[in-house]
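The values are calculated or read from the model by the stated rules, or taken from the named source; none is laboratory data. Here the structure is a predicted model, which is why all the values come from computation and not from measurement. No Cβ is skipped: glycine too gets one built from the backbone with ideal geometry, and neighbour counts run over all protein chains shown.
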Amino acid sequence: MRNVNGIFDHYRMSARSVWNTAFWPDPQFRDWDFVEDFRSIEKILFNALVLTRFDEAFPMDDIFHKPIPFFQVAPSTTSVPIMIACPRPGVPSGHWDDPVDRVGIEQVTMHFIAFFDWNQLDCRDLQYYRVEIAGFDEQPHLVGREALIERQYVNVFFTGE
């Protein structure tokens with residue numbers, strides 16, 4: 001496994017710069033139509049700045065919608081905060097309040113889905129990684145759920161080598 005934090009941070013800084021300098025300053029661009037336009041730009045940036053650096057293919061339509069199995073997001077210390085989705089009947093997403101709220105090194109396997117900010121119409125930091133839990137021996141019922149974990153608490157690894 002190879003640490004690719006620098007590659008992901010380069011993408012993160014580039015994407016947030018495009019939103020924060022080209023879209024967000026103009027109130028006319030702060031609506032959901034322009035958020036959708038920006039999502040298209042984000043995919044192109046991610047493909048160009050991240051995916052092209054590896055000998056792996058991933059469908060453009062799946063970027064930021066499905067977990068990318070060759071990018072593993074791993075806690076950087078023995079205990080870091082995490083918000084795990086807790087689906088409810090009729091509301092499959094949007095509640096990040098599972099009682100398990102901490103994970104540690106080698107305790108959980110998570111695959112990258114996307115970066116995440118709470119307010120899509122505001123200035124962006126892309127503070128969180130949105131991930132899918134792919135393995136969790138101590139909490140197997142959480143496998144397959146999405147989670148949010150702050151960028152500062154993790155490392156991203158390319159596992160395809």
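Per this entry, E56 is not counted among residues that are surrounded by fewer than 19 Cβ atoms within 10 Å (Cβ to Cβ), at pLDDT below 95, part of a helix (DSSP H, G or I) and not polar (S, T, N, Q). Among the residues making up the range 136-152, a single one is loosely packed, with under 14 Cβ neighbours inside 10 Å and either of a type in the set (G, A, S) or touching a Cys at 6+ places or on another chain (Cβ under 8 Å) (or both): G144.
Restricting attention to the range 1-43 and to residues that are assigned to a helix (DSSP H, G or I) and among the aliphatic types (A, V, I, L, M), the residue that is surrounded by the most Cβ atoms within 10 Å (Cβ to Cβ) turns out to be A15. If the condition is being over 13 Å from A147 (Cα atoms), β-branched (V, I, T) and touching a residue at least 12 places away in the same chain (Cβ under 8 Å), then the range 46-85 contributes V50, I63, I68, T77, T78.
Inside the range 80-119, residues that are exposed (fewer than 13 other Cβ atoms within 10 Å of the Cβ) and among the polar types (S, T, N, Q) make up a count of 2.
Here P89 clears all of (1) at pLDDT 95 or above; (2) more than 18 Å from the chain's Cα centre (by Cα) except the condition numbered (1). Going by what's in this entry, would N155 be described as surrounded by fewer than 19 Cβ atoms within 10 Å (Cβ to Cβ), part of a strand (DSSP E or B) and either in contact (Cβ under 8 Å) with a residue 24 or more places away in the chain or not aliphatic (A, V, I, L, M) (or both)? Taking the combined requirement at face value, the residue satisfies it. Yes or no: the range 95-116 includes at least one residue that is in a helix (DSSP H, G or I), without any contact (Cβ under 8 Å) to a residue 60 or more places away in the chain and either among the small types (G, A, S) or in contact with a Lys or Arg (Cβ under 8 Å, 6 or more places away or on another chain) (or both). No - not one qualifying residue is present in the range 95-116.
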